[in-house]
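Asks: Below is a structure I'd like to ask you about.
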């Protein structure tokens, strides 16, 4: 979320030592704006230790699990990038902290499991593959509506 720290400042001030908990209009606005931006983001970045994900779109022979993945990803504008652990210090630090997994919401872990996504934490080095997915369904609907004569007739009648 762009400008996250600036938007969250009124909320993070509540966590300072000695700060009294007073919910102000400024904090309410900050909370609502952060909530809106977090739930409306169309981008998902998923860190993984699977360097091979980078090559899944170019493989000729895939097993059924990989085919299901490709079928799911086909509807999205997907970009898979590989980052070596040395070049990605943040991901490397997280990969070496197994206790961080305890912080994950179990609902998210359940959803990842349902989609056959494996989350692995290892004690040695690390690398990070991320999948960037953007839904283009809304764009497809808008494009299809441009050529829909029945829809335009209804719009003209409403006006």
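The values are calculated or read from the model by the stated rules, or taken from the named source; none is laboratory data. On a predicted model such as this, the values are computed, not experimentally measured, just so you know. When we count neighbours, we look across all protein chains shown, and the Cβ atoms used for this are built from the backbone with ideal geometry, even at glycine.
Asks: Out of all the residues in the stretch 11-23, is one or more at pLDDT 75 or above, touching a helix residue (DSSP H, G or I) at 6+ places or on another chain (Cβ under 6 Å) and not in a loop (DSSP other than H, G, I, E, B)?
Replies: yes
Asks: Right, next: Going through the stretch 32-58 one residue at a time, which ones are at pLDDT 80 or above and either more than 16 Å from the chain's Cα centre (by Cα) or surrounded by 12 or more Cβ atoms within 10 Å (Cβ to Cβ) (or both)?
Replies: At the first step, the residues of the stretch 32-58 found to be at pLDDT 80 or above are 32-37.
If the condition is that a residue be at pLDDT 80 or above and either more than 16 Å from the chain's Cα centre (by Cα) or surrounded by 12 or more Cβ atoms within 10 Å (Cβ to Cβ) (or both), then 32, 33, 34, 37 are the ones that fit.
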